Each structure stands twice: as C-alpha cells, then as structure tokens.
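Below you'll find the structure, written out as structure tokens, and then a few comments.
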Amino acid sequence: MKRFLLISLIWPGYLLAQDNARQIEMTQLLLIKNHQVLSGNKQPDGLAEHSETVLRKAERYRYQGDFDKAVPLYQQAAQLNPKRQGYIGYVHLAFLHDYSRAMQYLNAYDALTPTFDDIEGNNPVSYYRGVIYLKTNEFALAIEQLNKSIGDIERKHGSEWVNYRYYVSRARAFLATSQPQKALDDLDKAVANYKKSALAYYHRGLALVQLGRTAEAKSAFQDAQFFFGAKRVEALQAGQAVIPEDQLFPLYESEIEAAIDQLKLKP
C-alpha cells in the first residue's frame, strides 16, 4: 500500500518555536520531503529483509570498532538494497571518515531519482556533499552544494525554514575563502533561526575577526561560551550525555577559549 507524505496545513504558532532547533529541523525535513511518494523500483521483500540483516551485522562490527569487517558488509547491504546507500554513505562520512566512499554511496543514492535532491535522515544529499567537500578542503565545491541545500528551501519557504546548521556550514566555506561578510550574513540567519547556538556565535566571532571588528568578535565568542556552558549544564541536570550541536563538525569549549585568548593578544 502506498503512503503519501503531504503537508497541507502548518499548525498555528509553529513559527514561534524557532528557538527549538529540533522542531526547526523536523519541520524542514517535512518541507523537503513534501513531494515524495513511495514509488516503483521497490526491492523484493526477501532482498530488503536480507539487506537489513546484513546491515545490522555491519552496525554491530562498527560499534565494536571492527571496521575491517563492517565495511564489506555495508557494501553487501547496499548491493542488496540500493535505497540504503544514503544511510551507508552517511555512516562512511560521520563515523568511518572515508569521504571518498561516502561520496560514492551518496551519489549512487541520489541517482535513484535524478531530478530531486534526495533526503537521507533529516538532510538532503547536497548538504552531505557540501560537508564532504568542506572536510576535503574543496571549498568552492562545498559552497556550490550548500547553495543548493539552502536555495531550494529559501526560494520556496524563506530563510526562517532553513536548518541553521546549513548556514553555519556555508559560512565555514566562506571563511576559508576569505569572504567574511558573506559568512557573517549566513551566521546572522543562523542565529535568527536558533538564538542559543554556540556553534553559530563562535563562527560569527571568527567572521568578525576577519572583518577587523574585534570588540564585536569578543562579544560573539562570549555568547558562544555562555550557550555552550548552558547546554552542558542542562544536559547534566537531565542526566543526559552532552551531544555536540553539529556531530559532523563538533565544537569544543577549548576552541572558544582559544579564540577569546587570541583576541586578548591583539593591541
């Protein structure tokens, strides 16, 4: 039986919840996936089931740190069910740090529907491509892919619906290519979409440093330090682990402290 994912109503007051990053992220996912309908090219049930069995085995080896056994099993799972190539690509990006294989899997997954920027997890493939290019220092290509991730949503729904991490990631590429004003513009949008983001404030500070606005940079770094600490306290009080804001680019408190110390050395 086919299932249709259709957004026809936006519940009242939802835009007022922009400070809740998770709600923003999940709503963005729904917006991106609005067009999707389960279609043809369905794998036979037996193959799909076998693929999931192989995938679970690969995951167990990965959790144990036995990557030599995990990698060929991921490959086998992808061959059995090509629709799992997106997830397997993400695993190679986020956990195995094999960017070449990650790109191959993600491209193959995206090619299943050539006219659409496919979704894996909560993000489009173009975003993951952008992240890979950031990690391999191919910044022009990173900007190109992140332009796609951001532009598709901005054109249809406005900047307030864009995942703030996309803006931070593109700002990284702008900073790496000495385009601090473009980075700052993106980071202002990121902060507007999530006002408690240590990640956004930290990179905002970096952009302001490049622009020579050191007093504002210091304030941005201090905001980053405050929100970083507040998130840690909140997690500890709830008895939860402290999860990085962006698991693909984790920010450490030592980085914020180093940025503040560096400003103290400036005349």
Checklist (1) within 17 Å of residue 264 (Cβ to Cβ); (2) of a type in the set (Ser, Thr, Tyr); (3) touching an Asp or Glu at 6+ places or on another chain (Cβ under 9 Å) applied to residue 214, failing item: (3)
Where a residue in segment 222-240 is among the aromatic types (Phe, Trp, Tyr) and its partner, wherever it lies, is surrounded by 13 or more Cβ atoms within 10 Å (Cβ to Cβ), with Cβ under 7 Å and at least six apart: 227/196; 227/197; 227/198; 227/201; 228/198; 228/253; 228/256
Criterion: of a type in the set (Val, Ile, Thr), touching a helix residue (DSSP H, G or I) at 6+ places or on another chain (Cβ under 8 Å) and surrounded by 12 or more Cβ atoms within 10 Å (Cβ to Cβ) - qualifying residue of 260, 243: 260
In segment 82-120, the residues that are crowded, with 21+ Cβ neighbours inside 10 Å and either in contact (Cβ under 8 Å) with a residue 40 or more places away in the chain or more than 26 Å from residue 152 (Cα to Cα) (or both): 93
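Can we say residue 152 is in contact (Cβ under 8 Å) with a residue 60 or more places away in the chain and in contact with a strand residue (DSSP E or B) (Cβ under 8 Å, 6 or more places away or on another chain)?
Values: in contact (Cβ under 8 Å) with a residue 60 or more places away in the chain: yes; in contact with a strand residue (DSSP E or B) (Cβ under 8 Å, 6 or more places away or on another chain): yes.
Spelling it out, residue 152 is indeed in contact (Cβ under 8 Å) with a residue 60 or more places away in the chain and in contact with a strand residue (DSSP E or B) (Cβ under 8 Å, 6 or more places away or on another chain).
Is it the case that residue 155 is touching a His at 6+ places or on another chain (Cβ under 7 Å), surrounded by fewer than 20 Cβ atoms within 10 Å (Cβ to Cβ), of a type in the set (D, E, K, R) and part of a helix (DSSP H, G or I)? Don't jump to the end; show me each part of the working.
Numbers: touching a His at 6+ places or on another chain (Cβ under 7 Å): no; surrounded by fewer than 20 Cβ atoms within 10 Å (Cβ to Cβ): yes; of a type in the set (D, E, K, R): yes; part of a helix (DSSP H, G or I): yes.
No: the conditions fail for residue 155.
No lab work stands behind these numbers, since they all come straight from the coordinates. None of these values were measured; they are calculated from a predicted model. Heads up, the Cβs are rebuilt from the backbone with ideal geometry, glycines too, and the neighbour counts pull from every protein chain shown.
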